[in-house]
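Read through the structure below, which is laid out as structure tokens, and then see the notes.
Quick note: the coordinates plus some simple rules give every number you see, no bench work behind them. These numbers were taken from a predicted model, which means no experiment stands behind them. As a convention, Cβ positions derive from the backbone with ideal geometry for all residues, glycine included, and neighbour counts pool all protein chains shown.
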Amino acid sequence: MAQLAVVGAGYVGLVTAACLAKLGHRVICVEVDESRLNGLAAGEPPISEPGLAELVREQLRHGSLRFTGDYAGVAESEFIFIAVPTPSREDGSADTSHVLHAVNSLIPHVRPATVIVVKSTVPVGTTDRLAAMPPLLEARIEVVSNPEFLRQGTAVHDFLQPDRVVIGASSPDAAARVARLYSSIEAPIVAVDTRSAELAKYTANALLAARVSFMNEISHIAAAVDANVDDVARIVGMDRRIGPAFLRAGLGWGGSCFPKDVLALAAVANSNGCRTPILQAVYETNELQREHAAKLLLDAVRTIPGPIVAILGLAFKPNTDDVRGSPALGIAQHLLAEGVIVRAHDPFALVNASRVLPDVEYSEDAYSALDGADAILLATEWEEYYDLDWILVRESMRGKTVVDGRNALNGVLLTDLGFRYWSFGRATQSNGNGTGPHEGPMDSSPLGGATHTNGNGAVPREDGFASALDFRGAVAE
Ligand code: UGA
């Protein structure tokens, strides 16, 4: 059992603190936000993550987990985990000022030979730069990189049952000390140098994002040649060299990590003289998905006075209330700018979404959001949307367009019910009149055409990663 501190009780920090306490360590978590701190002391986490509230309460009761607003609380700790945000700067690079501030704040309190463990996702070289700070050198304090690979929605599980634990250290002793903290976890420990650990974190996220963007590009080809991208994904995913995960086509990736990390990796590369055409394409392909969905919806409602689009799902993925980087919000923002009335439902994320986009008409009931709508966008594949009574929906709508942004619905069924159904690269697209996939009013903008324009008739941008429609504008960091 070790005495640990975790700085930051955000998404990563809180999961780390609670799980390290669960592993048998005594953990003090430093959180400077007072209202967050008060909630945590009462066992109320500020974020919604399955199993986390229960775990925090259990460890608080047990006395293994404590919270404080004072950096002096780290004084007794043998290891101090830094888990503070590294948001995107204007130019896409990661802003490490919170990390620096945290380290500077704990320096007066830290005891000699403590190990500082960097959990935050930081640009390559940051761990070494921290280690070279004179006060840390003088106190023989080592700084180690220990990136996280937690997914929102399964973060507690991912922490306690990881695929691997990565430790980037410049001394075998520091690596071994950090490794011992995880000794009760059954997972390979991968000890490498600090820079490889830092780069591995970015590479993992960028590669997962790349798989999705790649399949999204394939979805346009599938639409153009009347193939089904879901079947293509299933087939290629059965190849053990490829595997089935992260091949689902649709609106693309969002969240607090992929967009930020793809940009930050490119920024690190560029500042080190490396070109990143693949990362650029990964990012742009993702933006095109949103632009394309927005265009499909606008085409469907363009001639209607006072057009209404209803969006089902606002969270960036199901089972979270997080709307950061959510495709739904980016599309909603664009539709609003085009004069469309946007209604939206989400089982969990209404409050967070309304803080970012107050002009959307939010509804706590999916059917009320859909009532009288001209078109629907399914943006997040929440379980409950599979079970909607689509006959009722069809009767209550003014129009009949459904854009299935997650390839989640039964397109054949919806077409039979009279909907004009659009998905991303599935052969079930229809105009709702029983005609083929590329006939009817949508003929001029089949999904397959989307990779070469930005969906608004504008040419693709050439100046780095800034989007023609800045969908990142709706992201709440
Ligand atoms: C991601 C990584 O999966 C974690 O390993 C990592 O630790 C985390 O970022 C982070 O850096 O903190 P997360 O952001 O929770 O986790 O979300 P994912 O489950 O990876 O999904 C990312 C996005 O990709 C979602 O918007 C999802 O809808 C989309 N996605 C995923 C697809 O569009 N298609 C797929 O096939 C899979």
| query | Full extension from residue 338 to residue 204: what is 0.36 nm times the residue separation minus their Cα-Cα distance, to one decimal in nm? | reply | 44.6 nm
| note | Contour minus Cα-Cα span, residue 76 to residue 129, at 0.36 nm per residue, comes to 16.6 nm
| Computed [θ] at 222 nm, helices only, for the chain once each DSSP H run of length n ≥ 4 contributes -39500 (n - 2.57) | -11500 deg cm²/dmol
| note | One would report the antiparallel percent of DSSP beta bridges in the chain, rounded to the nearest 5, as 5 percent
| request: Quick one: check the C-alpha center-to-center distance for the range 86-111 versus the range 6-61, whole angstrom. | output: 20 Å
| remark: Given 281-292, 375-386, the highest-first ranking by average Cβ count within 10 Å works out to 281-292, 375-386
| remark: Under 27 Å between C-alpha atoms, the lysine pairs in the chain lying 8 or more places apart or on different chains count 12
| For the range 41-54, Karplus couplings with θ = phi - 60° (6.51, -1.76, 1.60), whole Hz, Gly/Pro x | 4, 8, x, 10, x, x, 10, 9, 8, x, x, 6, 4, 4
| task | Measure off 7 Å from each Cα along the Cα-to-Cβ vector at residue 111 and residue 303, then give the distance between these two points in nanometres to one decimal. | result | 7.7 nm
| Residue-wise, which Karplus ³J(HN,Hα) couplings in Hz belong to the range 135-142, taking 6.51 cos²θ - 1.76 cosθ + 1.60, θ = phi - 60°, and x for glycine or proline? | x, 6, 4, 4, 8, 6, 9, 8
| task | Assign one of three labels to the range 163-231, namely rounded, prolate or oblate, based on the Cα gyration tensor with a ≥ b ≥ c the square roots of its eigenvalues; rounded applies when a/c is under 1.5, prolate when it is not and a/b is larger than b/c, and oblate otherwise. | result | prolate
| Per-peptide average of other Cβ atoms within 10 Å, ordering 395-401, 212-218, 23-29 highest first | 212-218, 23-29, 395-401
| field | Distant-in-sequence amide H partners of residue 311 (H built 1.01 Å from N, under 5 Å) | value | 343, 344, 345, 377
| remark: Quick calc, residue 413 & residue 171: beta-carbon distance into FRET formula, R0 60 Å, rounding 0.05, result 0.45
| said: Which of rounded, prolate or oblate describes the range 58-201 when judged by the alpha-carbon gyration tensor and an a/c cut-off of 1.5? | reply: rounded
| request: Go through 130-136, 53-59, 200-206 and give me the packing order, highest mean Cβ count within 10 Å leading. | output: 200-206, 53-59, 130-136
| Residues whose placed amide H lies under 5 Å from that of residue 67, excluding near-sequence neighbours | 29
| When each pair of different Cα atoms in the chain is counted once in the 1/r mean, what is the Kirkwood radius in angstroms, to one decimal? | 23.7 Å
| said: Quick one: 3J(HN,Hα) in Hz for the range 161-169, Karplus 6.51/-1.76/1.60 with θ = phi - 60°, rounded, Gly and Pro as x. | reply: 10, x, 6, 6, 10, 9, 10, x, 9
| task | Note down the magnitude of the dipole of the chain about its Cα centre, charges +1 on Lys and Arg C-beta and -1 on Asp and Glu C-beta and zero elsewhere, to the nearest 20 debye. | result | 1060 debye
